[in-house]
Amino acid sequence: MSRLSSKVPYDVVVVGGGIIGLVTAWRAAQRGLRTAVVDPAPGGGAAQVAAGMLAAVTELHYGEETLLALNLASAARYPAFAAELTEASGEELGYRSCGTLSVALDADDRAHLREVHALQERSGLSSEWLSGRECRRLEPMLAPGVRGGLRADDDHQIDPRRLAKALVIACERAGAEFHRQWADRVTVVRDRTAGVVLADGTGLVADQVVLAGGSRSGLLAGLPEDVVPPVRPVKGQVLRLRVPAAYAPFLQRTVRAVVRGSDVYLVPRENGELVIGATSEEQGYDTTVTAGGVYELLRDAHELIPGITELPLVETIAGLRPGSPDNGPLLGPTVLPGLLLATGHYRNGVLLTPVTGDAMAHVLTTGELPEEARPFTPKRFGARQEQTV
Ligand code: GLY
């Protein structure tokens, strides 16, 4: 038997206080909705691990043109979003319009990068082919063997830890309430979501519940089978190095490559942090940092930037990307009235934060997804997928 925490129901209860849940709650509260966030440690989750690349161009993959449109829409909103959030929270976010350089280390890599360049051009994206010498002129720490590269001046970065902290503050200031514990289950009454029961038995009554639990979104008890989101954890191990003042500027922009089939990237922050990522492993809910993962990241990053061996290694960490069947997020209403999803952002959670907040606030207040988010309805999966928004 649950007890009610409040006689006044919430308009919205967001389950999950990672950056996606927080931006949803912030935008909802700004629109005057009585909003709560349920999470034992708001601002935690994958944002504590992510490098924070805003990489619509350099993370474009074949067959993901629909996702590209959403990624580009979010990238375009980032400067205004970051300025508004900084104003609302009083926190700097580490947003840097630094650009990205993707490089090739051998002839095969170069041929592959040429194909990527052609795909980017076909998709209307802006990137410039550079010789190895031109790459090293931009980034003198690059290995002498670099054979060429793609300069993408529109792929930027933000510090996800600062982003998460700022979103918690902005939510509080906008009037969202935090319940700092796990959600135990969602309650369904007469085929409609009625709220959420917390781990201590408290019941929250809500008009709408948004499930934003990242890779754990499918684990909440009480979900009818046909609304369980098809998300899975994809582990990423990440390293943080520090660039001592004497070595600065070590890198000016994000540098990345595909080495032996794996993505490796180095993201230099203004505060001297250098983030190296990331493995991509299907290991269930395991977040162990392994010797093999650290070894591979250092080995691959060292092939790109040999000088990293001089830098202090200050942190190793692993997190879980919420993977979805088509690598796109699940946004908006499910077939269960009152239950919405904001999850499955996979490799693009940080990039998609602004557009997700806008789309979720729109659907929470109007019942309709905005145009750019419609392809990402959760109803595209599952037994009742003929019902699209
Ligand atoms: N977006 C980078 C990653 O998921 O590793």
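The values are calculated or read from the model by the stated rules, or taken from the named source; none is laboratory data. Note that the structure is predicted; figures quoted are calculated from it, not measured. We place every Cβ from the backbone using ideal geometry, glycine too, and count neighbours over all the protein chains shown.
Inspect all residues belonging to region 315-325 and state whether any of them is closer than 19 Å to Pro268 by Cα, of a type in the set (Val, Ile, Thr) and either more than 16 Å from the ligand (Cβ to nearest atom) or touching a residue at least 60 places away in the same chain (Cβ under 8 Å) (or both). The answer is yes, given that some residue of region 315-325 is closer than 19 Å to Pro268 by Cα, of a type in the set (Val, Ile, Thr) and either more than 16 Å from the ligand (Cβ to nearest atom) or touching a residue at least 60 places away in the same chain (Cβ under 8 Å) (or both). Count of region 322-332 residues, restricted to those that are crowded, with 23+ Cβ neighbours inside 10 Å and not in a loop (DSSP other than H, G, I, E, B), is 4.
So which residues in region 91-124 are under 23 Å from Met141 (Cβ atoms), within 22 Å of the chain's Cα centre (by Cα) and not in a loop (DSSP other than H, G, I, E, B)? Arg96, Thr100, Leu101, Ser102, listed by residue number.
The residue that is farthest from the ligand (Cβ to nearest atom), among those in region 372-382 that are outside any loop (DSSP other than H, G, I, E, B) and out of contact with any Pro (no Cβ under 6 Å at 6 or more places or on another chain), is Lys379. When Gly63, Gly18, Gly44, Gly90 are checked against the criterion of being buried (at least 24 other Cβ atoms within 10 Å of the Cβ) and over 22 Å from Ala194 (Cα atoms), Gly18 stands alone in meeting it.
Being modelled with pLDDT of 95 or more, acidic (Asp, Glu) and more than 24 Å from the chain's Cα centre (by Cα), is that true of even one residue in region 83-90? No, there is no match, as no residue in region 83-90 is modelled with pLDDT of 95 or more, acidic (Asp, Glu) and more than 24 Å from the chain's Cα centre (by Cα). Can you tell me which residue among Asp106, Asp154 is of a type in the set (Asp, Glu) and touching a Ser or Thr at 6+ places or on another chain (Cβ under 8 Å)? Step by step, each of Asp106, Asp154 is checked, and only Asp154 is of a type in the set (Asp, Glu) and touching a Ser or Thr at 6+ places or on another chain (Cβ under 8 Å). Return only the number of the condition from (1) within 16 Å of the ligand (Cβ to nearest atom); (2) outside any helix (DSSP H, G or I); (3) within 24 Å of Asp11 (Cβ to Cβ) that Leu369 does not satisfy. Among (1) within 16 Å of the ligand (Cβ to nearest atom); (2) outside any helix (DSSP H, G or I); (3) within 24 Å of Asp11 (Cβ to Cβ), the lone unmet condition for Leu369 is (1). With respect to the conditions (1) in a loop (DSSP other than H, G, I, E, B); (2) within 16 Å of the ligand (Cβ to nearest atom); (3) over 20 Å from Thr100 (Cβ atoms), Val335 lacks only one, and its number is (2).
Of the residues making up region 222-231, those that are in contact with a Leu (Cβ under 9 Å, 6 or more places away or on another chain) and not aliphatic (A, V, I, L, M) number 4. Kindly check whether there is at least one residue in region 43-66 that is among the charged types (D, E, K, R), in a helix (DSSP H, G or I) and modelled with pLDDT under 95. Taking every residue of region 43-66 in turn, at least one turns out to be among the charged types (D, E, K, R), in a helix (DSSP H, G or I) and modelled with pLDDT under 95. Could you list, in sequence order, all residues of region 222-233 that are crowded, with 21+ Cβ neighbours inside 10 Å and either under 14 Å from Ile308 (Cβ atoms) or within 16 Å of the ligand (Cβ to nearest atom) (or both)? Hits for region 222-233 are Val231, Pro233. Of all residues in region 219-245, those that are touching a residue at least 40 places away in the same chain (Cβ under 8 Å) and within 21 Å of Val294 (Cβ to Cβ) have Cβ atoms under 6 Å from Cβ atoms of residues that are within 16 Å of the ligand (Cβ to nearest atom) and assigned to a helix (DSSP H, G or I), 6 or more apart or on another chain, in Pro233/Ser215; Gln237/Gly293; Leu239/Leu297.
If we keep just the residues of region 338-358 that are assigned to a strand (DSSP E or B) and away from the ligand (no atom under 16 Å from the Cβ), which is surrounded by the most Cβ atoms within 10 Å (Cβ to Cβ)? Steps first, answer last, please.
First pass over region 338-358, keeping only residues assigned to a strand (DSSP E or B): 339-343.
After this cut, where a residue has to be away from the ligand (no atom under 16 Å from the Cβ) as well, the list is 339-342.
Details: Leu339: 22, Leu340: 26, Leu341: 26, Ala342: 33.
The residue in question is Ala342.
Among residues of region 234-291 being among the β-branched types (Val, Ile, Thr), within 16 Å of His302 (Cα to Cα) and part of a loop (DSSP other than H, G, I, E, B), the one that is farthest from the ligand (Cβ to nearest atom) is Val243. Kindly indicate whether Pro40 is away from the ligand (no atom under 11 Å from the Cβ), part of a helix (DSSP H, G or I) and more than 15 Å from the chain's Cα centre (by Cα). It is false that Pro40 is away from the ligand (no atom under 11 Å from the Cβ), part of a helix (DSSP H, G or I) and more than 15 Å from the chain's Cα centre (by Cα). Annotation: of all residues in region 213-233 being part of a strand (DSSP E or B) and of a type outside the set (Lys, Arg), the one that is farthest from Asp159 (Cα to Cα) is Ala221. Taking Val8 as meeting all but one of (1) under 21 Å from Leu198 (Cα atoms); (2) out of contact with any Pro (no Cβ under 9 Å at 6 or more places or on another chain); (3) modelled with pLDDT of 95 or more, write down the number of the exception. Unmet condition: (3).
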